[in-house]
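Reading through the structure tokens given below for one structure.
The values are calculated or read from the model by the stated rules, or taken from the named source; none is laboratory data. What you are looking at is a predicted structure, and each value in this text was computed from that prediction instead of being measured. Note that we place each Cβ from the backbone using ideal geometry, even for glycine, and neighbour counts take in every protein chain shown.
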Amino acid sequence: MKPMFLAVAAAAMFASTAITSPVYAATHEVQMLNKNPDNAKQRMVFSPAYLKIEPGDTVIFKAVDKGHNTVSVKGMIPEGATAWKSKMNKDFEITLEKPGVYGYKCLPHFGMGMVGVIQVGDDISTLETAKSAKMPGKSKKVFGEIFEKIESGE
Ligand SMILES: [Cu+2]
């Protein structure tokens, strides 16, 4: 039984390293949470809130905690890209083909700063446009921090 378990663990590890592979379309996971695992004081978060992927990759939003969804923010996705809006309490999967910066929110917790950004490829030319979108309450701060990170190329 033990070697079998190790093989499964090794396969799982391989699967997680494959996420960074630029050769094949990869699948990434973003969790919808009531508490930031890295900062217990921060409530209602997407984790990770910033994700960089390659064009054609898929993102799965996992409804780990209840009461959340994911909705693309108007004016914060590349022109011609398809907007999305998921159902509350449900996992949601989306494949992003168009390079650029995608800002999204949790509808009930937009003002609490439950927002995230997916960067597809290296084209960040839409970042300035994204910055001028409407961001209520704490979401402005959270978006601002992520945009800074993207600009600094970290
Ligand atoms: Cu939420």
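Looking only at residues that are away from the ligand (no atom under 12 Å from the Cβ), charged (D, E, K, R) and touching a residue at least 60 places away in the same chain (Cβ under 8 Å) in region 33-71, which one is nearest to PRO108 (Cα to Cα)? Selected residue: LYS52. When we screen MET76, MET135 for residues that are within 16 Å of the chain's Cα centre (by Cα) and not in a strand (DSSP E or B), the only hit is MET76. Does any residue of region 90-98 turn out to be over 16 Å from the mean Cα position of the chain (by Cα) and acidic (Asp, Glu)? So far as region 90-98 goes, no, none of its residues is over 16 Å from the mean Cα position of the chain (by Cα) and acidic (Asp, Glu). If you check GLY103 against the conditions, is it in a loop (DSSP other than H, G, I, E, B) and in contact (Cβ under 8 Å) with a residue 12 or more places away in the chain? No; evaluated as a whole, the condition is false for this residue. If the condition is being within 20 Å of MET112 (Cβ to Cβ) and either crowded, with 18+ Cβ neighbours inside 10 Å or modelled with pLDDT under 95 (or both), then region 76-93 contributes MET76, SER86, PHE92.
All told, THR70 meets the bar of being polar (S, T, N, Q) and surrounded by 22 or more Cβ atoms within 10 Å (Cβ to Cβ). Scanning region 90-113 for residues that are farther than 24 Å from LYS140 by Cα and within 10 Å of the ligand (Cβ to nearest atom) returns no hits.
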